[in-house]
Structure formats: structure tokens, C-alpha cells
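Everything on this sheet refers to the single structure shown next.
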Amino acid sequence: MKIALVGMANSGKTTLFNALTGQHLPTSTYPTPLQGARLQHGQASVPDERLPGLAQLLRPKKTTPAKVHFVDFIGLRPGQAQENLQVLQFIKGADALVQVVRAFREPSVPGAVEPLQELQSLQLELILTDLELLEKRLERLQEARKKGKRPSEAELQALLKCKGHLEEGRPLRELRLSPEEEQALRHLELITFIPALVLFNVSEEALSSKETEAFVQAVPHSLALSAKLEAELSELEPPEQEAFLRELGLKEPASQRLIRAAYGLLGLITFFTYASQELRAWSIRAGATALQAAGKIHTDMARGFIRAEVINAEELLRAGGLKEARSQGLLRLEGKDYVVQDGDVLTIRFKV
Ligand SMILES: Nc1nc2c(ncn2[C@@H]2O[C@H](COP(=O)(O)OP(=O)(O)OP(=O)(O)O)[C@@H](O)[C@H]2O)c(=O)[nH]1
Ligand SMILES: [Mg+2]
């Protein structure tokens, strides 16, 4: 799963990126210029409360959580349409967006603190980018038609439908398209089709304020955290981190909440594998089959798929081990069409 952090300049994207990925990229009180800016990549582990228990039971040499890939680039600037268009190209290929909105007050960082207004400007920039792409494509198809070629009718129709929708100021993810229309547009990689969360980056003091609550209530798929506090938390060793969280009355860092929210937004579930002494968690879309799960692990596994041995993590924990589960007849044999359930521990049998 790849998530792009997108936002206006100085909204705290890089601060959040550092908190999520454990990196130490420089942040600044002024907007990062486009010239010389580099796209940053990093990974975060997907929190899973079953993984420690499974590790204790199976005693693997290595435990690998599922990973989320984050990308961070520079922010957008109001009124810089051409540059913003260029900046937003980095989003292509992302599975989800986190729209980071400044809601923190910090005298050293210039610019107004108007979260809802800023969110609106941000969403408008994304919409304008898609409109520009769409219009260019429409022009090309119309030129082709003039030259006597026959452009795909499905694509033309889909383009016009999307154009009307965008012109109303609405993102394409709110539009219902037929599978054919979707297919016809796929090559354009329009960005407002991508599922998105909104993240209000608030001051530490405002974490549980009425105002913050009102923002989160007002905007669907939104949450609030303090990127600065999260970055500080991520610097601490686990015991200190726990103490700090307890002091704040929290169970986990809010950055984990963010990853969970993205998981939910994309309809992802987790399955586990235990092979060659490695216990590993994987993300997959709910509804995926055992064959698709095998394909995630290795293409050979999907190609030579014979069957999957399946037990849910909770059952396995109750049984007290794989051997015990097998002797109690709890390991099910499933075929390639089996729909993987959240928490399944899969052993894929395959031939190469
Ligand atoms: N007080 C406070 N300051 C923050 C918070 N998040 C970010 N900042 C500050 O805001 C400034 C901008 O943060 P960055 O993380 O660089 O913002 P950005 O969105 O990456 O900015 P660009 O990449 O230039 O678009 C820095 O000085 C941060 O220290 C926060 O939660 N609280
Ligand atoms: Mg930045």
C-alpha cells in the first residue's frame, strides 16, 4: 500500500512523514522550493495486536509486520497553478492520499491558520489538476476525430461525465462510473479518484479541544493529530514512549491510528504466513482469494498453487501451536477460491 502525503506548503507533511517512517528529514518554517526538491520514500509498520501473540507462540527467527509505503514531496502554494500541477504529479500510482491540513498555531511559521478554508483550496488544486489532464485528453481525441480517426466512444463519454463532475467542484471518487468507463479512463491516472483521508495537524494543546472535534465532525474520513508531538514520540525508546503515552492518556501513537484509518478506507485486511522461520503479516483487500494471497507472497506460489492450509490467528492462539492445531484437526484445507479472512494464518502448498 502506497500513501502520498499531500497538502499546502508548511502544513506539516514532512514532520508527519518523519514521525511515520522514523526518518529525520529537515523541516522548515518556509515553504520548500520546487527547484532541487526530491521525492522522499519511507516505510511504516502496520500495527497489529495479534502479531506479538503469534510471535510468542511460534517463536520465529524473524517477525515482519505488514508495511505501508509513504511518499512526501513539497507543498502546494496558493495561486501557483502551473507549479502546483507539476508538484502533484508525484501522487500518481498512490493507493491513498493523506491530505494534511494546517490547524496548528506556531508564530514562527508564517501563513494563516484556517483549516477548513485550507482544505478547500487543497481539494480545489487537486480537482483543477484532473480537469487540466481531462481537457488535454479531450482535445487530443477531438483532433484525432478531425483527422478521420475514431476515438473510443466509451472514453469520450467517460471524459465528459468526469469533466461535468469536476466543474461542479467535486472529486471524482464521488462519481459512480461503470466498469467500462473506469477502464477507459485508467490510463490517465486521475488523482481525485484516489481514496483520501483528511488529517488536521493541530497544536498539541488543541488535541482534544472542542474546535478540533468540530473539524473532525465536519469532514468525513478525517482525523486530528499533532505531527510535532508524533515526531517527538517516534524519537523515544519503547518504554519511554509508553510512559509518555500513558501521561497523555493514549493507548497508541496517533500515527498508528492514521495507518489503521487508511487500512479501513481501502478495505484492507491482514493475513499471516509462517514459513522458513519467518512470521510475516501481509495486507490484502477484503474479498481476496487464497490464490490472490499466494500471488502477493510470490508469483510462483500463485502459478503452482495446490491448496492452502488455513487457521485463524485466534484459533491458533487458543490451540497453543501449529502442531496442536493440526492434531486437533483445526487446520482447514482450502482451494484457490477460498476468501481470505482477516487474521487467517495461511500455509500455501504449491509446486514449481
Ligand atoms: N507547533 C507545531 N509546529 C509544527 C507542527 N507540524 C509542523 N510544524 C512546523 O511547521 C513548519 C513546517 O513543517 P514541515 O513539516 O516542514 O511542513 P511541510 O508541509 O513538509 O512543508 P513543505 O514541504 O514546505 O510544503 C516547521 O517549522 C514545523 O516544525 C505541529 O504539529 N505543531
Ligand atoms: Mg516538506
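The values are calculated or read from the model by the stated rules, or taken from the named source; none is laboratory data. Everything quoted here is computed from the prediction, not taken from an experiment. Cβ placement follows ideal geometry from the backbone for every residue including glycine, while neighbour counts extend to all protein chains displayed. Note: accessible area is taken over every heavy atom of the protein model, side chains too, but ligands, DNA and RNA are not part of it. Shrake-Rupley method; radii C 1.70, N 1.55, O 1.52, S 1.80 Å.
When a/c reaches 1.5 or more, the comparison of a/b and b/c decides; with that in mind, is region 246-318 rounded, prolate or oblate per its Cα gyration tensor?
Taking the square roots of the gyration eigenvalues as a ≥ b ≥ c, region 246-318 is prolate.
Taking the Cα centre of region 122-192 as the origin and placing charges on Cβ (Lys, Arg +1; Asp, Glu -1), which of Q123, G169, L185 is farthest toward the positive end of the dipole?
About the Cα centre, the residue reaching furthest to the positive side is L185.
Rounded to the nearest 20 debye, what is the charge dipole size of the chain about its Cα centre when +1 sits on each Lys and Arg Cβ and -1 on each Asp and Glu Cβ?
Dipole size: approximately 1540 debye.
Check F70: other-chain or 5+ apart residues with amide H under 5 Å from its amide H, H built from backbone geometry?
It is I3, G42, Q43, A44, by chain and number.
Placing unit charges on C-beta atoms (Lys and Arg positive, Asp and Glu negative, everything else neutral), compute the dipole magnitude of region 268-350 about its Cα centre in debye, rounded to 20.
Around 200 debye, computed over region 268-350.
As I understand it, the dipole of the chain uses +1 on the Cβ of Lys and Arg and -1 on the Cβ of Asp and Glu, about the Cα centre. Which of L54, Q142, V352 lies farthest toward its positive end?
Positive-most Cα among the choices belongs to V352.
Suppose each label sits 7 Å from its Cα in the direction of the beta carbon; what would the Q256-H187 distance come out to in nanometres?
Each label point is offset 7 Å from its Cα along the Cβ direction, giving 4.5 nm.
Leaving out ligands and nucleic acids, note down the accessible area per residue over the chain with a 1.4 angstrom probe, in whole Å².
53
Can you give me the % of accessible surface on the chain that is carbon or sulfur? Probe 1.4 Å, all protein chains present, nothing else counted.
Answer for the chain is 50 percent, counting heavy atoms of protein chains only.
Would you tally the net charge around A206, using a Cβ to Cβ cut-off of less than 15 Å, leaving A206 out, and scoring K and R as +1, D and E as -1?
Every neighbour counted, the sum reads -3.
What shape does region 134-180 take by its C-alpha gyration tensor, where a ≥ b ≥ c are the square roots of the eigenvalues and a/c under 1.5 counts as rounded, a/b above b/c as prolate, and the rest as oblate?
Here region 134-180 falls in the oblate category.
Can you give me the three principal axis dimensions of the chain from its C-alpha atoms, in Å, biggest first?
67, 62, 37
Pop out the ³J(HN,Hα) list for region 154-169 in order, Karplus 6.51 cos²θ - 1.76 cosθ + 1.60 with θ = phi - 60°, rounded to Hz; leave Gly and Pro as x.
In residue order, the calculated couplings are 4, 5, 4, 4, 5, 4, 5, 4, 5, 4, x, 5, 5, 5, 7, x Hz.
Among F73, F104, F200, whose Cα projects farthest towards the positive end of the dipole of the chain, with charges put on the beta-carbon of Lys, Arg (+1) and Asp, Glu (-1)?
Final value for the positive-end residue is F73.
Could you compute the FRET efficiency for S208 and E240, with r as their C-beta to C-beta distance and R0 at 22 Å, rounded to 0.05?
That pair, S208 with E240, gives E of 0.50.
Determine the dipole magnitude for region 1-106: charges of +1 sit on the beta-carbon of Lys and Arg, -1 on that of Asp and Glu, nothing else is charged, the reference point is the Cα centre, and the result goes in debye to the nearest 20.
In debye, rounded to 20, region 1-106 gives about 300.
Say we join alpha carbon atoms closer than 10 Å with springs in a Gaussian network model of the chain; which of I191, I297, I74 then has the biggest fluctuation?
Between I191, I297, I74, it is I297 that shows the largest mean-square fluctuation.
Going down the table (K92/K296; K61/K351; K163/K210; K13/K67), which pairs top 31 Å between alpha carbons?
K163/K210
If a/c stays under 1.5 just call it rounded; otherwise compare a/b with b/c (prolate if a/b is bigger, oblate if not). Do that for region 196-352, with a ≥ b ≥ c from the square roots of the Cα gyration tensor eigenvalues.
prolate
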